[in-house]
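Each value in this text was obtained by applying a stated rule to the coordinates, not by laboratory testing. Quick caveat, the model's predicted, so the values are computed rather than measured. Here the Cβ positions follow ideal geometry from the backbone for every residue, glycine too, while neighbour counts run over all protein chains shown.
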Amino acid sequence: MGCLQSSGGKEPEELRPRDEEAEGSDEEIPRATSSGYIVPTAVDEVEVVNEEHGAHEVPVESLPAYWTNRRVHGEASGKLCQHFDQMVCVSEAGRQAIRELVRGTYRPLVTQDRPCPKEPACPKTPAGCPCVKPDGTPGLPTEYVVRRVIRVEDSEMWTRYAQKRSQIRERRAHRMPLRGLEPELFTSQVVATNPGSYDSLDTGLNEVYLWHGTHVRTGLAIAQHDFNLEFAGSGAGGMLGSGIYFAESCTKADEYATDEPGGYYEGIFGMLLCRVTMGSMHSTWFYTTQRRADAAEQVESGKFDSTVGDRMKFHNTFREFVVYDSDQVYPEYVVLYSRAYKADDAAALQLEASRNPFHLQLPVYWNNFHANPDSDVFRVQYKVREQTRALLQHLVTGSFLHPAAWFCYYLLYVVVVCLLLLLLFIVLKCCCCLCFIWFLLLFVFYLFIILKCVVVCLC
Ligand SMILES: [Zn+2]
């Protein structure tokens, strides 16, 4: 289990700003060269991580069919797929499937958990403050504009999830299929009709796709390091105990999603679309302010595997879903989106987003891609895995031009230019000194290039 905070916020000891006066020596201070690069001195220990360290193999058939690591690497390598931990930027077709799910799970409902966007903010109000009601200003977002979708392909996290699912299946074997949800989950239909983006689910075990709204960088960190139960429940108020909270409606998840005011992700919100094994569900309904902290104990006792808090039945708002073990969750997609309000031209925003997907602050294939480079210092070098080396080799081979080809290219260039100049002289019949000097200079210049090419060829 990865730790969200230590990965993103920790500042390595050796990289903290140093006080020159206090240390009395400039030997330990990184030196800036004229080119602007920082040259690490001997005391700067750079962590070197081997990406293939602790590598294990995963059965290919256990992976979702549309995952890149199964399609590209797994099918070629046979029954077992090498360890992988990658963020894959989803294509426009995949984003379309996510948009469909967002539209299908949107409900124009407000609860007290939706924060007031104004300054100063209104106090917490049952059924939401006037500013976030559909007829308020700015009101409830009328649409969510999907800006970027990242699929999490992590063999270790996937293996933990699959093992936990098998354990629950064995534990509940005598009661299979388990009692399902009524009414049907909001996500069910869209998921069932898009096999290219959503895997088939074990419905007998109440395996479902659910939304989890959070701070945009926290969402990226969860994708990289998994959920951390130490901080779970805090965002949702923990009405059903200390667990990981999910919603079937993107509107509900959006209540807990926050952007980064003044930062790179200002106006960009994050939601995770997770595969969750709910197993045997403890169903409970509660008033808005009623806590059911004993819900976790019901699961710990082994009676149930998860809790459903149903405010839909009696309050016409939302159902919430809680699990208390992070291995019951696989955060498969990170959805970065912006909110469109009734004053916005939502159709234009959607069109623009589909044409120009949002770019993350750091490359998505960096392990620290969730970090804020302005505040979270990191300095790590990676010995890349074999597949990355092969890809780089492919790039080098593809961009390599043989010296003989260079020579031919320059020769052709020189011949063409000389012929053009000759033609110019013939046409103009110009024999002035200036033209002669100009011609001589060009001739010497091209002679130099030819000689250089010959040297390159010989060496
Ligand atoms: Zn308000």
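Key figures for this structure:
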item	result
Equivalent-ellipsoid semi-axes of segment 146-285, from the Cα gyration tensor, Å, largest first	27, 17, 16
Segment 107-160 - convex hull of alpha carbons, volume per residue in Å³	158
Cα-based Rg of segment 301-390 normalised by 2.2 N^0.38 Å, two decimals	1.70
Inter-probe distance in nm under a simple model that places probes 7 Å from Cα toward Cβ, at Q163 and A65	2.8
Normalised contact order of segment 108-190, rounded percent, pairs of Cα under 8 Å and 6 or more residues apart	16
Distance histogram for segment 73-226 (every C-alpha pair counted, 10 angstrom bins, percent rounded to whole numbers)	8, 25, 33, 23, 8, 2
Descending semi-axes in whole angstrom, ellipsoid equivalent of segment 72-113, from the Cα gyration tensor	36, 14, 9
Trypsin sites (Lys or Arg not before Pro) within segment 81-185: DSSP coil, no more than 10 neighbouring Cβ in 10 Å	R179
Proximal charge balance of E352 [Cβ under 15 Å; K/R count +1, D/E count -1]	+2
Convex hull of segment 403-458 built on C-alpha atoms - directionally averaged projected area, nm²	3.6
Segment 58-389: relative contact order in percent, alpha carbon pairs under 8 Å with at least 6 residues between	21
32 Å tail of the calculated P(r), segment 58-389, as % of Cα pairs	28
Dimensions in Å of segment 316-443 - Rg and Dmax from alpha carbons	30.6, 94
Gain on full stretching of the segment that runs from R389 to E92 - 0.36 nm per residue minus C-alpha separation	104.1 nm
Length added when fully stretched, D344-L451, from 0.36 nm per residue minus Cα-Cα	32.1 nm
